[in-house]
Every structure is written in C-alpha cells, then in structure tokens.
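The values are calculated or read from the model by the stated rules, or taken from the named source; none is laboratory data. Here the structure is a predicted model, which is why all the values come from computation and not from measurement. With ideal geometry, Cβ positions are generated from the backbone for all residues, glycine too; neighbour counts draw on all protein chains shown. Accessible surface is based on the protein model in full, side chains and every heavy atom, while ligands, DNA and RNA are left aside. Shrake-Rupley method; radii C 1.70, N 1.55, O 1.52, S 1.80 Å.
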Amino acid sequence: MLKAGISLLQQVAASAASSVIGAESSDEDESGHDGDVHDTTQSTMRGLLVFTVYTKSNKEKILHINLHKGTITQFSEHRKKVILCHDIQNISRHGSNEVYLEIRKISDMHAHGKRFIFADDAIACRFHHYIELLSETGKVIRAAFVQIDFRRTGRISAEDLRRALVRVDLAVADEDLHKMLSLGSSSAGFDLSDLFHVLGHSFVACLRDCLLEWLSLACTPPMAPGHPPLELRLLPGEVVALRQEERVHWSLFLGPRAGGSCLQVPGQLLVTNFRLLLLALRRPHAASPQHSRFEVPAFFDRLSLPLGCLLRLWQGPPRSSLFLAAKDYRTLRITLSGIEDLRDKSDTLLRLLQALSHLPATPAASPGPQSLHGQQRQLLFSFRYSAPLSSADLGWNLCDISKEFVRQGLFDCPDWRVLDNSSPPQTLCDSYPRYLALPAHMSRAELFTAAQFRSRNRLPALTYRHANGAVLARSAQPLTGLTHRKSVEDELLLGYIRTRGRPAHLDPEAHAHSKLYILDARGKMAATLNMAVGKGTEDVSAYPNTELVFCNIDNIHVMRASAIALAEALATQQQPQHREELQGAGFFQRLEESAWLRHTQLLLLASSLAAEKLHFEAAGVLVHCSDGWDRTAQICSLVQVMLDPHYRTVEGLAALVEKDWCSFGYKFQDRCGHGVDSAVLAEERSPVFLQFLEALFQLLHQFPAAFEYSQELLLFLADHVHSCLFGNFLGNSDCERFASLQVQGSTRSVWAYVLDHRRAFCRTDPPLFRPFPHPIWPQCGMARIKLWERFWLRWDAAAHPSRLSPDGLWRDDWGERTLEEQTPGREEGPDEGELVASV
C-alpha cells in the first residue's frame, strides 16, 4: 500500500502558491458543493497548490489543491466545487494532457467523473503525481474512519474511539483518548477531514497503524523549531556525505519485502562513507506511556545500516520514498519531507547511496564475477577505518594456522609434516592455506597427483588432530565421473588419514583394523548427478575399511531460499491482516515450510556423527561437499567446537574462523556479495556463514556454561561479515586477502576489536563461564532446535524482551555504544567528523 507523505509537499506548495501553473477542467458530471467564490489571494496560504484550468471553450478556471485538508477545489464564476481526496476511486490519463478522476462519496452508490485538461504534458504529469499521493493516503484514512465510525454518524465520538482501540488490542487511558480527539478542529466531533489532517503525513497501512500514529501524535509534545543537529561521534576515517536535518520518516519492515504493518518513526538521517544512520526525533516508545506490551523499545530510537549490508535499493512508488533491502533481512523505507524539490532530493539520495555502496546504476553493467582490486579496493571503508586498537598486531597474528598445528601436537608427530603451499610452482591449491598438514610419508609429487583428482585441486588435508590421535580432514569431491576414475595417490592419501599417518610396514595392526568415515555433506542423488559433469563421490571398494555416509544437507541455493522464506514467515506474523490465520497453524506451517530449522538440525547431526567417530572409535574422518568450502567448513568447525574446549573461548573461536573459513578458502566475497549489485552473482550469494553461527548458537544455548563468549559475539560476526568494516571477511581466499588486497597492513582485524572489547562479548557479569575440558554432545531432535531470536527477531518491536526480562533488553544491532568509544588519551584528528557535504 502506497502511503503519501503529505508534509513532503508543504514547502513545494509554499513556493508554487503564488504562481499559476496551468491546468484546465471540463465537467463530465458535476461533483462537489456549491458556495461563494473563493478569493484566489488565499493561494498564498501555506499548504496550497494552485493550477489554472480551461474548459473546452478555452475558459479559464482556478483549481486549488489543499494539502492540509486533502481537498481539490475548483472555482468558476459564482461558485466552487470541492472534491475530497478520499473520495477519489481511480485516476487515469486520457491523452497527453488530460487527467480523469473517478469519484464516489461514502454516501453515494454510483461514481462520478471529472476530467481535467492541462496546458501541456509536464503539468499534467505533475498534477497526476500530487493527486495520486493524496488519493492513496485518503483511501487508507477513509477505510480507517469507516471502521471507527461504526454507527455511521460521520463523526468520531470518545466511545467510538475507545471501541476501536480495544478492537486492535490497545489499552489507552481516558486522558490520552481525549488528547487524541482534541486534535480535531471542532468540539462537535472528529470528522473525516480532521482525521486526514492528523494522519495525512504518516505511513499508515491499516486501522491499527492509524490509531497508533494518532495516539503517538497526541501524546508526544510538538517538536520545537530549530531542533539541534544530529550529534554523532564518527569512527576514525568516517566522513559525513549527507546530513538531512529536516523531517524524515522511516519505516522498518521485518523480512525481505516492504509491506504490511511496520514500525513508523519520524527522525533525522545521516549518510557517511560507512553507514546510513537514522535517529528518531521523538522516542517512539513514548506513545505508550503506561509501559504496556505495545511499548516500542529504545532499540529503535537509533538504527545504523552499514552500506556494505545493502542488498538492493529502489525508488517508490511513490517517488518520494526510497526503499532499502538489507542482507540482514530487514527492509527500510525512507521519505524526506520539508524539502524544496521532492523528486530531486529523492534522486540525489538514491545516487549517493548507490555510489557509497558500490552498486552500479544498471545491474546488467556488471554481468560477470567481480574481485576487489584496484580502485574498488579503496572504496571499501575497511581501508579507511583507522581505529587505534591495543590488540591491533595481535589480531592478525592470533590466528596463524601453523600455531594451531603446534597446539594440536602435529610437529611432535613424525607421521605428519607441514608443507608451505604459498610458493609457486610448489603450490598444491591456491584456495588452501599457506601451510598444509599432510602425511610425511608421501612425496610432493604424489601429493600433486592426488590434488589433480579432486575438484579445484582441493585435496584431502588435515584440519584437526584429536587428543587420541585420530584426524579430521577436509577436501572437495573426487573427479570420478561416469567412467568411475580412480587415483592410486588419492587412495594412498586417504589410507594415511585412516591410519593416523602411519604406513603399513610400520604399524600393520593399525593398517588392518583402523577405519575411515567419509562424510559426503550432499545427498546421494546430488552426488550421483555430479558424475555427469565428471565429478561425483568415492567408490569405497577402492578404499579399505572405509564407510561412505551421505549427510543430505542441501546446497547454497536451497539455503538462500530457505532463509528468505523464514524471514517472510516472521514478517507475515506481524501483519494484522493475517491475525485470524495466525491464531491457527498458519505461522508455524510457514515456519516449517521454510525448512531453516530442519537444515540446522541436519548440520548438527552430521557434525555430531563425525565427532562421535573421532572420539569414541578413534577413526579417521574425511568431510567434503562439492568444492569443499561451504558445507565442509560448517561441519568441520562444529566438530571441533564439540570436541575441543579451546574453540569455546574467544581466542579459540577466532582461530577456528580464521583456519576453517578464511584460510581454507570460504568465498566471503561471493557469498556476501561485497560491492556488487543484487543481479550480479546473485546465484553465488548464500547465508552459509550465518547458518554456521546459528548452529553454534544451538550449542551455546544447550551448554551455556561451557562457552566463554555469548551470543552477542555471534551476532557481531553475523553483522560484520557484511559491513566491510574489517579486512578478515574480504576476498575469496587468503591469497586474495593478503597478496592482492594486503589487508594486514591496510585494515583492522575483527579479532583485534573483539579482544579490545572482550567484556562486551563474554559471559563475565556474572561470571557464567566454567571451563569444561570434555566434549559436548548436543541433543539434535527437532524439539531442541531453537530459532535464533536475537538475530531473526531483532527488527520486530513486539518480539523484544520487556525491561523486566531476566535476559535484559536487547542493545542495538552491533553496538554503537562500543564502536564509538574512543581510546583514552587519544586526540582526534581533524578529519574525524568533518562535514564534507550537506545536501
């Protein structure tokens, strides 16, 4: 539903009121009220648009559009005719310079026609634009008025209003109810024109929206003119590009689309080279003075959207509105008001946001894969963010994969060796880490041959050695094809993984009795279909004592669709029009149909199986999917969290993400879509890392005392994987990050920031963390899989915990409070907070 920001047209009316724009009218059927001739000098009144109209005989008439009352008044010789905008049923264009209105009053059974003939096409377009805005708003307000005035008296009494508030579950004190009615222009009652005057500038979609906005306007004192500008301590390197201090309305929608009921707040807007910031001019929760369950949390007083998180942006309809869809499954609608030229201002904002978020104006302009090289590299804010972090050096050095191999005891084991994978032509795989742990008894030539048997040369490489000596390895799918190709070197490599690196002649017993489990994350049918393109899965007859297990986890395309379906299901449960359906099983049915929780369960089941084989059977485990960088990273990471208490600490989680995600070539650039339009690489974008964090949340929820960190750290990572504030999540591999982008010398590490603000992410107040030196075994039944509310429901005001909740109130999404903290004793440079442009 289109909602017109009537106040957006106020200043346009003031500037246009004194001039004749040129329009004309020809009656097909008279509609309106007769009266005295209206003095055209009233055209100088603020809120009035003046058009000149002509009859077929070329006779001039004057036409006024009153933005305050929502009326169109036509003046002829000795009378005037008034059309109420909420009576307009349809608007159409007849010819290049004609606009036809279909009008029907509440009391009439039949519609009447009104045709306006304009001097030229440009004037007709402008008139059509204004009337369309007024009409769309009027339809919503009239529908709400009819529902409140159920006795059809034409006026709203206190009893009528009380009944309507009860009907939408709003409890309002008598004092506030009378404040609402006092906004009318007459003591005789609140009529339709009064309601339009109150709500004409608001975003309203239904009766409940109308009543909430009405209540908010009545209970909030008017803002004094000349309010102070938006105060903000900018991040080091952050520069203001646009500051809009006039009235801005913004609406927040839960889910990937704009529609239905939503939170509506007037406020201020600020755009920097890092984010878009929205600050409420009045606290939206002040509209509920009794602190009822309808109170809007202070969380929504201030919203920050990193420009790297922008997925898609588009304009209107109406053109006064700009819509922004984010990668965190929220949608914002922004309307600027009180401006000189509505369309120019909105166009300016659109172009600015496109430039700052690196989105091309035409999606087709960038049809192929994009890498962050050259000038595009410098556009990302992470290369300008220069916060002084005490752990800056430690952040990048904390997660050296060779240190992890030392901690796991690989250097003390003669059966394994660490090879340098970074020096061509010795590179085995360019998307693998610099250092690889591989069997010591295989030559480099044999390893090269084994790599050629795997997709993208991603050969089986060790990622974790358990305390009992069993190893967890990861790879891509083999290139078996329809001819069932085999590789002696690949069979030898998997044999060493099965026997913990020991050759047969040194340990014949282990060679005879040890076992290897190959966990193919895909379903059997998906693996079989890959054989048609020369890939596939292992033929276990060629691998002694080996068992192949299919985990039935779907691919990135299914996960992307599942996450969108979940967001849509959660958004639908907000909308009042679905209330009757939601009283039954409608919402839960949509939640189940999204299959997001089912996918999370399958991920935990596969990880638990691998952990059990490593721990209880001391068997070797190889995990792979198609290319070994999506589902493989998820399973291997969760296995290590289950088995190793080190990965349940902050430093351990940092090492895990850097090792199994960044170093082993998870495609952050493609999966997150940094700096590309929604139409570019859309099939590559998928919430794989988010799904891992959600599965990790399941472990944290079931074993809260076993983890040093809280879900706040998981939420922080989920947001900053898209924000482009830190260099860890840029590029598709370590080779791109460190060789091409040179992130270590040019950007800040996310882990340096986490260590500097450790208290915000750890369970230290009260101290709930009790180190647990044993594996954790999660319950994986569907009844134990919990929706990650802190991520999925944070944009739903009704889902926030109350101030009396033992869990406390939710803070803003990723901590404006902490990100803007300055290091004590540091002097701010002259570039910080500099206002370079004011549009």
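Table for the structure above
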read-out	value
Subset of region 467-479 [open to solvent by 10 Å² or more (accessible area, probe 1.4 Å) and either at pLDDT 95 or above or in contact with a strand residue (DSSP E or B) (Cβ under 8 Å, 6 or more places away or on another chain) (or both)]	Leu479
Residues of region 162-184 classified as without any contact (Cβ under 8 Å) to a residue 40 or more places away in the chain, part of a helix (DSSP H, G or I) and not β-branched (Val, Ile, Thr), total	8
Count - residues of region 67-90 that are modelled with pLDDT of 75 or more, buried (at least 17 other Cβ atoms within 10 Å of the Cβ) and within 42 Å of the chain's Cα centre (by Cα)	2
In region 91-111, residue most open to solvent (accessible area, probe 1.4 Å) [restricted to those that are over 19 Å from Ile141 (Cα atoms) and at pLDDT 75 or above]	Arg93
Subset of region 140-165 [surrounded by fewer than 17 Cβ atoms within 10 Å (Cβ to Cβ) and within 34 Å of the chain's Cα centre (by Cα)]	Ala143
Test: residue in region 719-731 that is open to solvent by less than 20 Å² (accessible area, probe 1.4 Å), free of Cβ contacts under 8 Å to residues at least 24 places away in the same chain and under 20 Å from Ile635 (Cβ atoms)	no
Region 417-475, residues that are among the hydroxyl-bearing types (Ser, Thr, Tyr) and over 14 Å from Gly628 (Cβ atoms)	Ser422, Ser423, Thr427, Tyr435, Ser443, Thr449, Tyr464
Top-ranked residue of region 742-770 - restricted to ones that are open to solvent by 20 Å² or more (accessible area, probe 1.4 Å), farther than 20 Å from Leu700 by Cα and of a type in the set (Gly, Ala, Ser), ranked as modelled with the lowest pLDDT	Gly745
Test: residue in region 445-454 that is assigned to a strand (DSSP E or B) and among the polar types (S, T, N, Q)	no
Count - residues of region 489-513 that are touching a residue at least 12 places away in the same chain (Cβ under 8 Å) and closer than 26 Å to Phe448 by Cβ	16
Restricting region 398-432 to residues that are free of Cβ contacts under 8 Å to residues at least 24 places away in the same chain and more than 27 Å from Phe453 (Cβ to Cβ), the residue that is surrounded by the most Cβ atoms within 10 Å (Cβ to Cβ)	Asp400
Helices (runs of 4 or more DSSP H) (entirely within region 622-697) containing at least 3 residues that are open to solvent by 10 Å² or more (accessible area, probe 1.4 Å)	none
Residue match in region 473-485 (condition: charged (D, E, K, R) and more than 44 Å from the chain's Cα centre (by Cα))	yes
Within region 519-592, helices (runs of 4 or more DSSP H) holding 3 or more residues that are modelled with pLDDT of 90 or more and of a type in the set (Val, Ile, Thr)	556-572
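One line per residue, one yes/no per condition, for (1) in contact with a helix residue (DSSP H, G or I) (Cβ under 8 Å, 6 or more places away or on another chain); (2) charged (D, E, K, R):
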position	(1), (2)
Cys413	no, no
Pro424	no, no
Thr427	no, no
Leu438	yes, no
Phe448	no, no
Arg454	yes, yes
Arg458	yes, yes
